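Below: the structure, in C-alpha cells.
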Amino acid sequence: MVNKSPRELLEVPAAWSITQVMSSLSAALDGNGPALAFGQSKFAAVESEIAVVIPTSGSSGPPKEVALSATALLASATAAHKFLGSIGGECWSLMLPTHHIAGVNVLVRAIMLGSDLTQMDFDYTSIVPTQLYRALESDGNLLTSLRRAKAVLVGGAAVNSDLLEKARTFGINVVTTYGMSEMSGGCVYNNEPLAGVEVEIRKGNRIALRGPMQAQAYLGSRVQLSDDAGWFVTNDAGYLQDGKLYIEGRIDDQIISGGEKISLAAIDNFLNSGGLHYMSCAIEDPEWGQQLCLASNSNIDIQNIKAVLRNRFGNHGVPKKFISNIKLPITLIGKPDRQTLAQRFERIES
C-alpha cells in the first residue's frame, strides 16, 4: 500500500553550504528527510513521493511550483549518465544556481556518481551560453577547466552556432541540452532524446514530451501539467528529422506585426554571432498590433541593421524602434528577459 501521508517541505536556506544541501537532498531522494524547495514556496507539506519542488520563473505566465519525485530525478540523472558514458567516481562541478533545475540536476548526478563537488578538476559540468562566451573571450581559468572536462553541457537558452563551433575549435566537448523543469531539466542532448524520452510535434510545430523524468504536477494549481495521454505540451516550436529534435524557438517568442509572424528568437540568433549583443522584443501598437523593437549593448548602425534584417527576413523583420548602449536584461540562467526590455521601450513611448 502506497503511503500518501503528507511530507514536510523545507525551503533550502541560502546560508547552507553545498555539503549541507547535498546531504539533505540525498535524504529527500531516499525518503529519509523532508522534501526540498529550491526557492520560495507557498506550501509547508507535499505528497510523500515528492522529493524536490522547483519554482518556475513565470516567463510564460504566472510562476508555478513544479513537483518532482525522486523517481523522476533519478531517471533524469540515469539517462544523462547513459548518454555521456559516465561511471562511478567521476566528478561533476556545480556552476549554476541551485534554484534552477539545471543546478539541482548537477547535485543529483553528483550524488549518483559519488562526486566531490569541491574538487577543482572535474569530468562534467553544466553551464549557460553566457558562461561559455566568457570562457572563450575573457576567462582563461574557466576555459582551461572546460577544455579538460569530458563533456560540458550547455543549455538554458539557445546557443549560437558560431559560439558552438568556436568552443569545439578550442577543444571543448560541448553537449547542447534542451528541457525544462517539468521534464526534470534537459531531456534532449545534441538534438537526441535521452533514453525513455518520447517526442511528438503538435499543431503549429509545438513540441510535446513524455518520459520517466516527467514532473508530477504544479503544486496548488488547477493547471494540468500533462494531457490525458500523459504528454507535457511545451511552449516551444520544433521539428523532428531522422529521429532528432530541432528547436525553432518559443511559441511565445513569436509575434504578429502588420499581419506577419515574426520569431524574436530567430532575429536574435541571426544577429548574435558570438555572445549577447542584440535583443529583440515587442510592444503593443495600435497600427501594427505588435511593434518589433531592437536593443544592443553597443552602438547600433540603424540603417545597416535594417538592411541586413530586411534582406534576411523581409520588410516585416525590420524593427520599428531601437535602443543602443544598454545592459541587455537576462535572467539568472542567461535567458533573454524580453518583458523587462519591452517595459523599457514602453517607458520611452510614454
Item to check | Odd one out for R206, checked against (1) at pLDDT 90 or above; (2) surrounded by 17 or more Cβ atoms within 10 Å (Cβ to Cβ); (3) among the basic types (K, R) | outcome: (2)
Next on the checklist: Which numbered condition in (1) aliphatic (A, V, I, L, M); (2) in a helix (DSSP H, G or I); (3) over 21 Å from E90 (Cβ atoms); (4) at pLDDT 95 or above is the only one that V199 fails?
Outcome noted: (2)
Checklist entry - Exactly one of (1) touching a Leu at 6+ places or on another chain (Cβ under 6 Å); (2) in contact (Cβ under 8 Å) with a residue 40 or more places away in the chain; (3) in a strand (DSSP E or B) is unmet by A215. Its number? => result (3)
Checklist entry - Where in region 85-195 are the helices (runs of 4 or more DSSP H), entirely inside, with at least 3 residues that are under 25 Å from Q20 (Cα atoms) and not β-branched (V, I, T)? => result 101-113
Checklist entry - Looking at region 90-106, is at least one residue more than 27 Å from R148 (Cβ to Cβ) and buried (at least 24 other Cβ atoms within 10 Å of the Cβ)? => result no
Next on the checklist: One residue is enough: does region 128-146 have a residue meeting the conditions touching a residue at least 40 places away in the same chain (Cβ under 8 Å) and of a type in the set (V, I, T)?
Outcome noted: yes
Checklist entry - Going through region 230-270 one residue at a time, which ones are hydrophobic (A, V, I, L, M, F, W, C), crowded, with 19+ Cβ neighbours inside 10 Å and in a helix (DSSP H, G or I)? => result L264, A265, I267
Checklist entry - Within region 290-303, is there a residue that is of a type outside the set (V, I, T), in contact with a helix residue (DSSP H, G or I) (Cβ under 9 Å, 6 or more places away or on another chain), under 28 Å from R168 (Cα atoms) and surrounded by fewer than 17 Cβ atoms within 10 Å (Cβ to Cβ)? => result no
Item to check | Leading residue by the ranking (nearest to L107 (Cα to Cα)) among those in region 7-26 that are surrounded by 14 or more Cβ atoms within 10 Å (Cβ to Cβ) and among the charged types (D, E, K, R) | outcome: E11
Next on the checklist: Among the residues that make up region 69-81, is at least one of them at negative phi and in a loop (DSSP other than H, G, I, E, B)?
Outcome noted: no
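Does any residue of region 300-317 turn out to be among the charged types (D, E, K, R) and either in the same structural domain as A167 (by TED's automatic domain parsing) or farther than 23 Å from I348 by Cα (or both)?
Start the filter on region 300-317 by keeping residues that are among the charged types (D, E, K, R), which leaves 301, 306, 310, 312.
Next cut, either in the same structural domain as A167 (by TED's automatic domain parsing) or farther than 23 Å from I348 by Cα (or both) only: 310, 312.
Yes, region 300-317 contains at least one residue that is among the charged types (D, E, K, R) and either in the same structural domain as A167 (by TED's automatic domain parsing) or farther than 23 Å from I348 by Cα (or both).
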Next on the checklist: Can you confirm whether D242 is more than 19 Å from the chain's Cα centre (by Cα) and outside the structural domain of D337 (by TED's automatic domain parsing)?
Outcome noted: yes
Item to check | Within region 147-160, tally of residues that are out of contact with any strand residue (DSSP E or B) (no Cβ under 9 Å at 6 or more places or on another chain) and free of Cβ contacts under 8 Å to residues at least 60 places away in the same chain | outcome: 2
Checklist outcome for this item: Expected single match for closer than 30 Å to H100 by Cα, exposed (fewer than 15 other Cβ atoms within 10 Å of the Cβ) and out of contact with any Phe, Trp or Tyr (no Cβ under 9 Å at 6 or more places or on another chain) among I330, I326 is I326
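The values are calculated or read from the model by the stated rules, or taken from the named source; none is laboratory data. Quantities reported herein were computed from a predicted structural model and do not represent experimental measurements. Note that we place each Cβ from the backbone using ideal geometry, even for glycine, and neighbour counts take in every protein chain shown.
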